[in-house]
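Structure, as structure tokens:
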Amino acid sequence: MTDSISVLLVSKGHDFNHDAFLAMFDDMEEVEVTLVQQPGAQVLLRPENVADYDAVLFYDMSGIPGVGLTHDRASPDGQPTDDYRHSIEALLERGTGIVMLNHATVSWPEWPLWRQMTGSSFMLKSGTLNGAKVPGSGYRGGHGPLPNATVKLNPVTSHPVLEGLENGFEITDELYIKTADFEADVEPLLRADYAFVAENFTPPPLAPAEEQAGWNHPPGSNLIVWANAAGASPIIVSDVGDSPAAFENSDFRRLLRNALRWVASAEGRAWAQAHGG
């Protein structure tokens, strides 16, 4: 019998189809999910509470200055409370496994620790990243004028998260165009057979109007799913995971189940110990 996994699922700040999303976990008999929204999540993520969970699945969009979000207790400049900062630092020190899907990689753009956790180069607007000026990231699908893209995701390597997905799979979902420099610091898992060029994406909707009007982006990374480590925590990050079409995709469900199992495993924690910092 497979050992059970207790997962804390953190949401709020971005619309999603709750029923379709939660239905994914019906196929995962060994995965027990507790859903909590922000800001209540910040209570359950305190060290004395989160110790009851084997993994945390972040699906919230928090800490974004100037967009009227009030669910996250962020400061006007997008910083977390000291309490939440300490909780996330303790989570990483403890080595709790983490999975981050879709808009969770957009959260807390002004909090360096969150960027370290995602490993992503996603930018809500133009700015400086790793000492270089980069444009805002474009969207394909989601709530924008262009429809979701249908792409084939192909494995880059052999990894427990890709068990049963060795031939890749097709998915229809939201995509982001990001700069490629982040790839040097993460372990690539799945790439999309899609042209990540500006004409296939719409400008970042939260960027200033003048930036949207003149928006352009150099050819971007086709890396969609990767492994990362922060502190002692193994982390799996996926850009896809936005729509019911993705939630109902049996291969995406397998990917998510594998990811939760791996980040909660001794193997995942050992990998993070070797790769984190």
* Which residues' amide hydrogens lie under 5 Å from the amide hydrogen of GLY138, considering only partners 5 or more residues apart or on another chain, with H built in the peptide plane? -> ILE177
* Structure fact -> At R0 = 25 Å the Cβ-Cβ FRET efficiency linking ASN49 and ASP27, nearest 0.05, sits at 0.35
* Structure fact -> Taking r as the C-beta separation of GLN273 and GLU166 and R0 as 22 Å, the FRET efficiency to the nearest 0.05 is 0.25
* Structure fact -> Taking 0.36 nm per residue of separation between THR81 and THR157 and subtracting their Cα-Cα distance, the length gained on full extension comes to 23.5 nm
* Pull up all non-local amide H partners of ALA180: gap of 5 or more, or a different chain, and H-to-H distance under 5 Å with H placed in the peptide plane. => SER221
* Structure fact -> Checked the range 136-189 against the a/c 1.5 cut and the a/b vs b/c comparison, axes a ≥ b ≥ c from its Cα gyration tensor; verdict oblate
* Binned Cα-Cα distances of the range 5-275, short to long, each 5 Å bin given as a whole percent -> 1, 6, 13, 19, 20, 19, 14, 7, 2, 0
* Determine the dipole magnitude for the chain: charges of +1 sit on the beta-carbon of Lys and Arg, -1 on that of Asp and Glu, nothing else is charged, the reference point is the Cα centre, and the result goes in debye to the nearest 20. => 540 debye
* Could you please report the charge total around ASP27, scoring K, R as +1 and D, E as -1 over all other residues with beta-carbon less than 14 angstrom from its beta-carbon? => -2
* **Formal net charge of residues neighbouring PRO155 (Cβ-Cβ distance under 15 Å; K, R +1; D, E -1)** => -3
* To one decimal place, what orientation-averaged projected area in nm² is obtained for the convex hull of the Cα set of the range 147-264? -> 8.2 nm²
* To do: Please give the contour-minus-distance gain from HIS143 to ALA195: 0.36 nm per residue of separation, less the Cα-Cα distance, rounded to one decimal in nm.
  => 16.7 nm
* Extended-chain gain in nm, criterion 0.36 nm per residue less alpha-carbon gap, GLU210 and ALA266 -> 15.3 nm
* **Net charge, PRO80 excluded, C-beta distance under 15 Å - Lys, Arg +1, Asp, Glu -1** => -2
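Every read-out reported here was derived from the displayed coordinates using simple, explicitly stated rules and does not represent laboratory data. Keep in mind that this is a model prediction, so the values were computed, not measured. Heads up, the Cβs are rebuilt from the backbone with ideal geometry, glycines too, and the neighbour counts pull from every protein chain shown.
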